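Data block below; observations after.
The values are calculated or read from the model by the stated rules, or taken from the named source; none is laboratory data. The model shown is predicted, which means the values in this text are computed figures rather than measured ones. Note: ideal-geometry Cβ built from the backbone for every residue, glycine included; neighbour counts use all protein chains shown. Ligands, DNA and RNA are excluded from the accessible area calculation, which covers all protein heavy atoms including side chains. Shrake-Rupley method; radii C 1.70, N 1.55, O 1.52, S 1.80 Å.
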Amino acid sequence: MMMTRRQRRWGLAGSAIALAATALFILLALAALLASQPATTDGWIFSAYTFRILQFTLLQAALSTLLSTGLAVPVALALARSSHFHGRLWVLRLMALPMGLPVLVVTLGLIAIWGRQGWANGLLLSLGASEPISIYGLSGILLAHVFFNLPLACRLMVSALERQPGESWMLAAGLGMNSVSVFRFVEWPALVRILPGIAGLIFMLCVTSFTIVLVLGGGPAATTLEVAIYQSLRFDFDPPRAIALALLQIALTGLVLALLATMRRPEERISTLGGARIRFDGRTLAKRTWDTLWIAMAVAFLLLPLDAVVSAGLQADLGRLVTSAAFASAAATSLAIALASGLLALAMSIAIVRGRLTVAETQGAGAGAVAYGRILGATSSLVLLVPPIVLGTGWFLLLRPWGDVSRFAPVLVVAINALMALPFVVRVLEPAMETHHARTARLTASLGMSGLWKLWHIDRPILMTPAALALSFAMALSLGDLGAVALFGSSDFVTLPWLLYSSLSSYRTADADGLALVLGAVCLILAVVGTSGQDSNRSRRAAG
Amino acid sequence: MTRTLPFLCFLSTFAIAYPAMAQEKTLTIYTYESFTAEWGPGPQVKEEFEKTCACTIEFVSVADGVALLSRLKLEGQGTGADLVLGLDTNLATEAKATGLFEPHGLDTGAIAVPGGYDDEVFIPYDYGHFAVVYDTQAMPTPPKSLKELVEGDPAQKIVIQDPRTSTPGLGLLLWVKSVYGDDAPAAWTKLRDRILTVTPGWSEAYGLFTKGEVPMVLSYTTSPAYHMVAEDTERYQAAAFSEGHYIQIELAGMLTTSNSKELARAFLDFMMTPAFQNIIPTTNWMMPAAPTSEPLPDAFNRLVKPQNTLLMDPEEVAAHRRAWIDEWLTAMSAR
């Protein structure tokens with residue numbers, strides 16, 4: 001028995017509270033929406049149209065997931081191996097940027113490189129191509145999805161590889177393993193444990209993709225379920241249909257996630273002395289060239305569109321922009337919302353992961369306990385699939401009888417943003433907490449350590465780094481997010497993305513470009529703070 | 001302008017403003033976000049109207065006209081609005097069907113919009129014609145008719161908006177329907193080769209256009225005025241189409257549930273005066289619906305003035321919108 005009864009009770013109670021809060025938040029919204037309107041659905045929900053967009057939704061999401069995770073593997077391996085490479089940490093920080101930028105900003109950046117008049121076509125035409133290549137269609141959607149999700153996958157994979165105990169690399173070097181063997185016995189086992197989780201997350205993100213699909217899809221042949229949900233709540237104002245479509249989306253994606261979950265293997269319990277992790281492999285010229293090539297390609301792929309965003313932003317009258325009152329209040333609102341939702345997501349994720357660890361720990365756990373563990377895992381993932389439109393509409397209806405909904409707006413936006421960040425945060429924290437627990441639980445239990453003392457002396461030094469990373473993930477997500485804020489956005493409650501879109505919708509493109517640059521800079525700062533622990537780890541390692 | 005903010009239009013149906021705690025009378029106006037932006041007409045309109053009454057205007061802004069209607073449907077009889085400003089003719093029938101609007105009972109003699117608009121419930125405050133705006137640097141000779149647009153060189157692309165999610169998108173759908181009638185699907189099939197992509201809202205499409213990705217975009221005849229006045233460039237111009245241009249008329253109306261009906265009526269009256277109309281052209285970038293006391297900036301004289309205004313009966317639009325969108329989907333998705 002590795003947990004005291006007290007710890008176990010806390011693990012179960014905390015996760016139960018997190019689970020109940022999440023479920024209530026979603027179910028109340030759905031119930032309010034269903035109760036509000038008589039079923040007015042005219043026309044079949046499961047029409048040929050629905051079937052066609054369903055097909056397309058799943059196809060593009062599956063391909064996007066495959067490409068994003070597949071291409072992330074060599075990049076992550078190269079990054080993990082190149083501990084000697086000085087810019088490495090900055091590459092990882094660069095990878096945090098796409099997530100924190102509004103989708104439209106990134107899309108316009110991608111078009112500046114890959115579009116009809118883009119840089120890539122300019123190069124091709126000057127090389128003698130007769131016609132510009134067009135990315136509009138499935139290829140454009142895939143390109144954008146890889147741009148957003150490859151960095152995400154990469155960062156999670158690099159973390160997994162870095163959790164491998166230093167002994168593994170020493171042993172591999174001692175046994176004189178070649179790179180194929182290292183991959184087979186050390187790297188692949190580390191990756192394969194987290195691949196289903198990463199793939200599931202990316203799959204969900206791509207299923208619910210909206211702006212990218214419409215802007216880069218080239219026409220209505222490219223339509224996702226999310227578009228149909230939005231459509232049914234917009235001109236048609238048909239809540240029952242919207243909910244039916246949302247449930248269809250949740251059910252089908254849930255099926256895919258369940259399939260992926262069966263492939264997930266628990267984190268291996270390897271004991272380690274916790275010594276320095278030094279990579280001895282990958283020092284041959286060929287290997288180094290190979291790694292450099294992959295890293296360079298990934299960096300170029302990410303940097304070029306971001307560079308387009310930056311250079312457009314520098315054209316703006318930044319001085320006037322950042323000194324305006326509207327900017328100051330929007331920035332303050334954005335940061336407050338991001339911090340609050342980040343912390344909430346972190347707290348809920350810790351509770352959920354502890355609950356799962358407790359269940360996993362319970363010897364001879366009954367079917368009920370196993371099911372509870374599964375439900376915890378599923379809930380933390382599936383929240384991504386509930387469209388914010390549905391949540392917002394439901395809560396609007398619920399809160400109206402209590403007067404002015406605007407008083408609740410900040411709380412609701414924080415709650416929705418925190419929920420949307422949950423799957424990311426859990427994926428960053430869970431493997432780290434699992435490994436940490438496996439390594440320290442027996443020892444701390446036998447020494448009778450518990451409570452705050454254990455938290456400070458045993459957990460903090462190890463879990464601080466993943467927690468900071470998770471928090472920066474969640475905050476970046478919340479910063480770039482427009483959806484939840486737009487639910488309650490008004491002249492008194494304006495965030496940076498809202499200000500950006502507001503400028504864009506009034507011809508003020510230059511201001512919007514400037515705001516995009518500012519958002520990017522804030523995300524970079526967050527990424528630097530979020531990875532600062534890794535910096536000190538690295539210097540310790542270098543010193544050792 | 002019922003500019004569509006990208007993928008948040010419906011969402012901000014729930015945008016809220018704080019009702020005033022002031023002692024004096026308050027007029028709560030639901031409108032769209034670009035009306036109340038610091039550079040929009042809202043701040044000036046508020047200042048001007050408050051001079052004429054011992055009252056305070058409270059704006060509650062949502063993303064656009066469609067979001068306004070959804071917001072009203074959600075709130076029903078419990079709505080906090082005294083007045084709604086920012087619906088358009090395509091939404092008028094559905095808005096009336098909510099039973100929330102009350103006839104204004106005002107003399108609308110000052111109103112002059114092309115094609116005429118007279119309604120006992122809604123009063124126009126501005127209008128604009130949809131138009132293909134083109135980049136003179138990338139396209140020296142624009143199409144001169146919808147027919148030329150449909151049948152022109154497919155290598156010269158245009159970006160349009162999705163009628164499922166945006167009002168300009170719906171506008172183009174109705175424009176093509178007005179001109180081509182039953183042949184609309186064939187026209188769409190033909191035009192499809194020219195369409196670079198279909199965006200969820202106006203902002204994305206216009207962003208692609210000003211970034212130079214595409215030489216033509218569906219927007220308004222008044223769009224070039226912004227570039228001429230605010231950016232001092234003649235680069236972006238609207239193409240005049242010989243078949244005529246589809247019009248978007250923006251409307252305001254008062255609610256039966258209002259506690260300040262006198263104030264609401266006074267505002268509607270004020271809306272038809274030069275004090276209000278003078279503000280519209282260079283803040284909302286639309287044409288005034290009633291006389292102004294100051295001449296419009298010179299740029300407005302150089303805009304395309306459609307000889308023929310197209311507008312479908314709102315009832316007909318409400319009845320056929322879904323069928324026509326399905327028709328559009330089929331024509332645009334067929335392999």
Given the conditions (1) within 10 Å of chain A (Cβ to nearest Cβ); (2) in contact with an Asp or Glu (Cβ under 8 Å, 6 or more places away or on another chain); (3) basic (Lys, Arg), every one holds for residue B:157 apart from (2)
Listed by first then second residue, the pairs whose first member lies in the stretch B:172-183 and is closer than 15 Å to residue B:160 by Cβ, whose partner is of a type in the set (Gly, Ala, Ser) and part of a helix (DSSP H, G or I), with beta carbons under 6 Å and at least 6 positions apart or on separate chains, are B:176/B:184; B:176/B:187; B:177/B:184
Checked against (1) away from chain A (no Cβ under 11 Å); (2) buried (at least 19 other Cβ atoms within 10 Å of the Cβ), residue B:182 satisfies every condition except (2)
Scanning the stretch B:73-94 for residues that are crowded, with 23+ Cβ neighbours inside 10 Å and within 12 Å of another protein chain (Cβ to nearest Cβ) gives B:90, B:91
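I'd like to know if the stretch B:117-126 contains one or more residues that are without any contact (Cβ under 8 Å) to a residue 12 or more places away in the chain and charged (D, E, K, R).
Yes, there is a match, as at least one residue in the stretch B:117-126 is without any contact (Cβ under 8 Å) to a residue 12 or more places away in the chain and charged (D, E, K, R).
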Okay, helices (runs of 4 or more DSSP H) sitting entirely in the stretch A:105-195 with 2 or more residues that are away from chain B (no Cβ under 14 Å) and farther than 30 Å from residue B:214 by Cβ, I get A:138-163, A:166-174, A:179-182
*Does residue A:56 qualify as being modelled with pLDDT of 90 or more and either surrounded by fewer than 23 Cβ atoms within 10 Å (Cβ to Cβ) or closer than 30 Å to residue B:327 by Cβ (or both)?*
yes
Tell me, please, whether a residue that is within 13 Å of chain A (Cβ to nearest Cβ), within 24 Å of residue A:131 (Cβ to Cβ) and either open to solvent by 20 Å² or more (accessible area, probe 1.4 Å) or among the hydrophobic types (A, V, I, L, M, F, W, C) (or both) can be found in the stretch B:164-177. no
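Being touching a residue at least 12 places away in the same chain (Cβ under 8 Å) and either open to solvent by less than 30 Å² (accessible area, probe 1.4 Å) or not β-branched (Val, Ile, Thr) (or both) is the filter here; which residues of the stretch A:308-327 pass it? Even if it seems obvious, please write down each step before you answer.
Step one: filter the stretch A:308-327 for residues touching a residue at least 12 places away in the same chain (Cβ under 8 Å), giving A:308-310, A:312-318, A:321-322, A:326-327.
Listed by number, the residues that qualify are A:308, A:309, A:312, A:313, A:314, A:315, A:316, A:317, A:318, A:321, A:326, A:327.
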Does at least one position in the stretch A:217-225 carry a residue that is assigned to a helix (DSSP H, G or I), at pLDDT 85 or above and either more than 10 Å from chain B (Cβ to nearest Cβ) or under 25 Å from residue A:527 (Cα atoms) (or both)?
yes
The helices (runs of 4 or more DSSP H) lying entirely within the stretch A:477-544 that contain at least 1 residues which are away from every other protein chain (no Cβ under 11 Å) and at pLDDT 85 or above are A:496-504, A:509-530
Going through the stretch B:302-328 in order, the residues found to be of a type in the set (A, V, I, L, M) and in a helix (DSSP H, G or I) are B:317, B:318, B:319, B:323, B:325
The number of residues in the stretch A:328-344 that are more than 18 Å from the chain's Cα centre (by Cα), farther than 17 Å from residue A:517 by Cα and either surrounded by fewer than 20 Cβ atoms within 10 Å (Cβ to Cβ) or at pLDDT 95 or above (or both) is 2
Reported set for the stretch A:79-104 where residues are away from chain B (no Cβ under 14 Å) and among the β-branched types (Val, Ile, Thr) is A:91
TODO: Within the stretch A:362-384, identify whether any single residue is closer than 22 Å to residue A:462 by Cα, open to solvent by 40 Å² or more (accessible area, probe 1.4 Å), more than 14 Å from chain B (Cβ to nearest Cβ) and part of a helix (DSSP H, G or I), and answer yes or no.
DONE: no
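Sort through A:72, A:80, A:31, A:35 and tell me the only one that's assigned to a helix (DSSP H, G or I) and at pLDDT 90 or above.
Criteria check complete, one pass: A:72.
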Contact list, first residue from the stretch B:135-149 and in a loop (DSSP other than H, G, I, E, B), second anywhere and acidic (Asp, Glu), beta-carbon distance below 8 Å, six or more apart or interchain, is B:136/B:234; B:145/B:243
Scanning the stretch B:29-59 residue by residue, the ones that are under 21 Å from the mean Cα position of the chain (by Cα), of a type outside the set (D, E, K, R) and closer than 19 Å to residue B:81 by Cβ total 12
Among (1) within 18 Å of the chain's Cα centre (by Cα); (2) open to solvent by less than 10 Å² (accessible area, probe 1.4 Å); (3) facing chain A (nearest Cβ under 10 Å), residue B:226 falls short only on (2)
Subset of the stretch B:78-101, residues at pLDDT 85 or above and part of a helix (DSSP H, G or I), comes to B:89, B:90, B:91, B:92, B:93, B:94, B:95, B:96, B:97
Every listed condition ((1) more than 20 Å from the chain's Cα centre (by Cα); (2) under 23 Å from residue B:132 (Cα atoms); (3) open to solvent by less than 30 Å² (accessible area, probe 1.4 Å)) holds for residue B:297 save (3)
Considering residues that are surrounded by fewer than 16 Cβ atoms within 10 Å (Cβ to Cβ) and acidic (Asp, Glu), the number found within the stretch B:109-147 is 2
Note: among A:155, A:163, just one is open to solvent by 30 Å² or more (accessible area, probe 1.4 Å) and either out of contact with any Lys or Arg (no Cβ under 7 Å at 6 or more places or on another chain) or in contact (Cβ under 8 Å) with a residue 60 or more places away in the chain (or both), namely A:163
In the stretch B:102-127, anything farther than 12 Å from residue B:251 by Cα and part of a strand (DSSP E or B) is listed as B:102
